[in-house]
Amino acid sequence: MLAISSGKGGVGKSTISANIAVALGNIGLKVGLMDTDIYGPNIPGILGSHDRPVTNPDTGQIKPIEAHNIKFISMGLLLEEGSPVIWRGPMLAKMINQFLSNVEWGELDILIADLPPGTGDVQLTLTQSAPLTSALILTTPSAIALEDVRRGVEMFRQAEVPILGLVENMSSFRCDACNHNEYLFGHGQSKSTAEELEIPFLCDIPIDIKLRECADNGQPAVFSQPTTAGSEAIINLAKIVIACLEEK
Ligand code: ADP
C-alpha cells in the first residue's frame, strides 16, 4: 500500500492521488484508491462519481466504486452530504480499519491511500495497522509547507514506513501567451529539503489550469487531457512510483 501524504491541505494531494491512481490504471495495473481525508474527501468529485457504495449481501463487505478503470472508496461517499464532520479519533480508526478489512477490493496490484493533511489520528492508525509499503510526501515549494514535510518525514520514520520520496506540486507556471515560466513560490527549496532529510526528490509538477479544470469537472486530467504539462508530469510520476516499488 502506498500512502500519499502532505503536511498541509491545499497542496494538491487529492488531485495528484486521483490522477496517479488513474495513470497507474491506464498503464495496466489493478488499482484501489482509499480516500481517508475526512476533512476534505474530494476524490469522488475528482473522479466524477458520487455513487453510494452498496454492501454485498453474501459477504457483508462493501463494494468499492469503479471509475476510470480504478476502484475507490471515500469517506465522502459514506458521510451524508453537508453533514458536519464530527468524527473523533476512535471513530476514525474504526472507519480506516473498515476500509482496510471490509471492502471487496479483489485482486489489486496497488492500494493507494490519500491521507488527510498533517500527522494526526488517521495517519497514526494507518501507519500502525496497515501494511504500508511506502509513503510519498507531497509539498508545494513554500517554506511553510516544507517545514511540514520535516514533521511528516519524522512521523513515517518513527512508524518505520519507508519513504518513497518527495514530490513538489505547483512548482512553476508557464504562461500560454508568452511562454514565460515563473517559479511563483521560489525554486529549489524542495530539492534541498529532500537532500537535507535524506529522502529522494522524485519530481515536480507544474501549475496546470487543465489539472484544476478537469478535477472540477470530474474527469481526471491524465484521462481526459493526457498531453498537458501537468498530466505528463503525473504520468511520469506514476512510472517513477512503479520503478521504486519494483526495486523494493
Ligand atoms: P489537497 O487535497 O492537498 O487539499 P487539492 O487536490 O484539493 O488539495 O487541490 C487544491 C486545489 O488546487 C484544487 O482546486 C486543485 O484542482 C488545484 N490543483 C492542485 N494541483 C494543481 C496543479 N498542479 N495545477 C493547477 N491546479 C492544481
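Residue check, Asn42 against (1) closer than 18 Å to Glu104 by Cα; (2) in contact (Cβ under 8 Å) with a residue 24 or more places away in the chain; (3) out of contact with any Phe, Trp or Tyr (no Cβ under 9 Å at 6 or more places or on another chain), all met but one. Which one?
Asn42 satisfies every listed condition except (1).
Name the pairs whose Cβ atoms lie under 8 Å apart, with the first residue in the range 204-216 and more than 14 Å from Gly10 (Cα to Cα) and part of a strand (DSSP E or B), the second among the charged types (D, E, K, R) and more than 6 Å from the ligand (Cβ to nearest atom), and 6 or more positions between them or separate chains?
Filtered contacts from the range 204-216: Asp204/Glu168; Ile205/Glu168; Pro206/Arg174.
Can you find a residue in the range 27-34 that is assigned to a strand (DSSP E or B), of a type in the set (Gly, Ala, Ser), away from the ligand (no atom under 13 Å from the Cβ) and under 12 Å from the mean Cα position of the chain (by Cα)? Working first, answer last.
We begin by selecting, within the range 27-34, every residue assigned to a strand (DSSP E or B); these are 31-34.
Pick out the ones that are also of a type in the set (Gly, Ala, Ser) and you get 32.
Still in the running and away from the ligand (no atom under 13 Å from the Cβ): 32.
Adding the requirement that they be under 12 Å from the mean Cα position of the chain (by Cα) leaves 32.
The answer is yes, given that some residue of the range 27-34 is assigned to a strand (DSSP E or B), of a type in the set (Gly, Ala, Ser), away from the ligand (no atom under 13 Å from the Cβ) and under 12 Å from the mean Cα position of the chain (by Cα).
Taking the condition of being part of a loop (DSSP other than H, G, I, E, B), farther than 10 Å from Ala3 by Cα and either touching a Pro at 6+ places or on another chain (Cβ under 8 Å) or within 16 Å of the ligand (Cβ to nearest atom) (or both), how many residues in the range 97-155 meet it?
Total satisfying the criteria: 10.
State which residue pairs qualify: first residue within 11 Å of Asn102 (Cα to Cα) and inside the range 48-64, second residue among the basic types (Lys, Arg) and surrounded by 15 or more Cβ atoms within 10 Å (Cβ to Cβ) in any location, beta carbons under 6 Å apart, and separation of 6 or more residues or different chains.
Asn56/Lys63; Pro64/Lys71
For the range 158-168, state whether one or more residues are at pLDDT 85 or above and at positive phi. Let's see the steps before the verdict.
To start, the set of residues in the range 158-168 that are at pLDDT 85 or above comprises 158-168.
Among the residues that remain, those that are also at positive phi are: 160, 165.
Yes, because at least one residue in the range 158-168 is at pLDDT 85 or above and at positive phi.
What number of residues within the range 1-19 satisfy the criterion of being near the ligand (Cβ under 8 Å from one of its atoms) and in a strand (DSSP E or B)?
Result for the range 1-19: 1.
Every residue in the range 41-95 that is in a helix (DSSP H, G or I) and either within 27 Å of Glu213 (Cβ to Cβ) or modelled with pLDDT of 95 or more (or both), please. Full working, then the answer.
To start, the set of residues in the range 41-95 that are in a helix (DSSP H, G or I) comprises 43-47, 75-78, 89-95.
Listed by number, the residues that qualify are Ile43, Pro44, Gly45, Ile46, Leu47, Met75, Gly76, Leu77.
The values are calculated or read from the model by the stated rules, or taken from the named source; none is laboratory data. All figures in this text were calculated on a predicted structure; none of them were measured in a lab. Cβ sites come from the backbone with ideal geometry, for glycine too, and all protein chains shown count toward neighbours.
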